[in-house]
Amino acid sequence: MAYAVSIGDFQFTEDFVWSGFESAGIVPNTTYEVRIPISNSIKPVNISAAILADGNGDGNAAILEEIKDQHLAGRIQIERALHLLNDYLKPSASLKVSQLKSQIVIDLNAPEADSLTALRKLQPARQWTSLSEEARNALENAKQNVFGDFKNVESAEDVREELLRLKHHYEIILSRL
């Protein structure tokens, strides 16, 4: 679901997890082409790491860990948003969209200690004493993506339909993480 390529000092990572498409990634027994603009100097292209849909990966251990940290942190934010969406979409819910958005801002800005607790639950074998830079950045990126999604919800003609679409989108992402 993700790969990293290095060309000299330049590194490029493509992560299919966040794609809005039902089937994303490189399908087995197919070819995937990507064009990466580089200078005219000839340098070797190295596939530094790859993570498959089943979560297994190969390559540079540090890069694999960075990508996995990004996935774990992204999972935390998507789970937070999805939990609130599920509550909001219940027939008995009496929240307004503005209240939902306010609660999402609160939940996605959770203290680092809460995120560490969530990471420990997701990956108990790892001794999480602090957030890696990759995890911290991924928490922020996922938060900004969710905030952007909710700006679109506010301007939608049919808010409930847009929230259902967003819920489905988050479920797809979560299934890849």
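The values are calculated or read from the model by the stated rules, or taken from the named source; none is laboratory data. Bear in mind that the values here come from a model prediction, so they are computed numbers and not experimental data. Don't worry about glycine lacking a Cβ; one is built from the backbone with ideal geometry, like all the others, and counts go over all protein chains shown.
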* Asked: When only residues in region 116-143 that are closer than 17 Å to GLY74 by Cβ and of a type in the set (S, T, N, Q) count, which is surrounded by the most Cβ atoms within 10 Å (Cβ to Cβ)?
  -> SER132
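Matching residues to (1) in contact (Cβ under 8 Å) with a residue 24 or more places away in the chain; (2) of a type outside the set (A, V, I, L, M); (3) surrounded by 16 or more Cβ atoms within 10 Å (Cβ to Cβ):
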site	(1), (2), (3)
MET1	yes, no, yes
VAL5	yes, no, yes
GLU33	no, yes, no
ALA61	no, no, no
TYR88	yes, yes, yes
ILE104	yes, no, yes
* Structure fact -> All conditions in (1) hydrophobic (A, V, I, L, M, F, W, C); (2) buried (at least 18 other Cβ atoms within 10 Å of the Cβ); (3) at pLDDT 90 or above are true of ALA113 except (2)
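Quick one: in region 32-57, which of the residues that are outside any loop (DSSP other than H, G, I, E, B) and farther than 26 Å from ASN145 by Cβ is nearest to the chain's Cα centre (by Cα)?
Initial filter on region 32-57 (outside any loop (DSSP other than H, G, I, E, B)): 45-51, 57.
After this cut, where a residue has to be farther than 26 Å from ASN145 by Cβ as well, the list is 45-47.
Details: VAL45: 26, ASN46: 25, ILE47: 22 Å.
Residue satisfying both the conditions and the ranking: ILE47.
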* Selected residue [surrounded by 16 or more Cβ atoms within 10 Å (Cβ to Cβ), under 30 Å from GLU161 (Cα atoms) and either more than 19 Å from the chain's Cα centre (by Cα) or acidic (Asp, Glu) (or both)] from LEU108, LEU84, LEU95, LEU100 -> LEU100
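What about LYS68, is it buried (at least 19 other Cβ atoms within 10 Å of the Cβ) and assigned by TED's automatic domain parsing to the domain that holds GLU134?
yes
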* Structure fact -> For region 101-115, the count of residues that are of a type outside the set (D, E, K, R) and over 15 Å from ILE76 (Cβ atoms) equals 3
* From the residues in region 7-31 that are on the phi > 0 side of the Ramachandran plot and either of a type in the set (Val, Ile, Thr) or surrounded by 10 or more Cβ atoms within 10 Å (Cβ to Cβ) (or both), which one is nearest to the chain's Cα centre (by Cα)? -> GLY25
* Asked: Looking only at region 3-25, which residues are of a type in the set (Val, Ile, Thr) and either in a strand (DSSP E or B) or modelled with pLDDT under 75 (or both)?
  -> VAL5, ILE7, THR13
* To do: Pairs only if they're at least six apart or on different chains, beta carbon under 8 angstrom, first in region 146-172 and in the same structural domain as GLY74 (by TED's automatic domain parsing), second not in a helix (DSSP H, G or I); list them, first residue then second.
  => GLU162/ALA156; HIS169/GLY20; ILE172/GLY20; ILE172/GLU22
